[in-house]
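Have a look at the structure below, then the notes.
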Amino acid sequence: MLTLSAVLFSLIVQGLTIKPLIKMVGIIQKDEGVKDYEEVIASIYRYETAIHDWEDMQRKSFITREELEELKNNYQEKLKKLYEQLEQLYEQYPEIKIKHIRSAKRDALYKEYQSVKELVRREMISDDVGSKHMSNIIDEIETVESKMNTDH
């Protein structure tokens, strides 16, 4: 029983310390830059969404064009800096850019699939044509996702 406890304790301690040790030694560098990238992307998305919402508010006459421009100016300056940071991260960590492009491609393929499905639902195209296109899109999605899985 004592031997089992010692072995179990050893495995738990090694399991908990191996990843921090590998990172400290520098063997794992894959995550390097990822946190910075995620921070930049989160900020870009926030600011772009706010601008989009303000533009929608202006179209609905909730705010004036002048108010819209005033609101947008500050965010557009921030966005300019963030896009510069993003480009620097892409140069420093090209694998992040590749992953980002693959993710965008996958998202676009999902939208393509939904648009074809909508055409079938509206009976604007036949089930046969819709099925053919959706099948091709699924094949493309699987290809992109398999490449994404090899990135990890």
Members of the range 76-128 that are surrounded by 14 or more Cβ atoms within 10 Å (Cβ to Cβ), under 21 Å from K35 (Cα atoms) and among the β-branched types (V, I, T): I96, I98
Only one of (1) under 16 Å from R46 (Cα atoms); (2) surrounded by 11 or more Cβ atoms within 10 Å (Cβ to Cβ) is not met by N73, so which one is it? (2)
Taking the range 68-84, which residues are touching a residue at least 12 places away in the same chain (Cβ under 8 Å) and under 14 Å from A50 (Cα atoms)? L68, L71, K72, Y75, Q76, K78, L79
Which listed residue is among the aliphatic types (A, V, I, L, M), more than 30 Å from T143 (Cα to Cα), out of contact with any Gly (no Cβ under 8 Å at 6 or more places or on another chain) and not assigned by TED's automatic domain parsing to the domain that holds K147, from L68, L86: L68
Residues satisfying the stated conditions in the range 31-40, i.e. part of a loop (DSSP other than H, G, I, E, B) and touching a residue at least 12 places away in the same chain (Cβ under 8 Å): E32, G33
What's the number of the condition I18 fails, among (1) in a helix (DSSP H, G or I); (2) modelled with pLDDT of 65 or more? (2)
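The values are calculated or read from the model by the stated rules, or taken from the named source; none is laboratory data. A quick note: this is a predicted structure, and the numbers were derived from the prediction, not measured. All Cβ positions, even for glycine, are placed from backbone atoms using ideal geometry, and neighbour counts span all protein chains on display.
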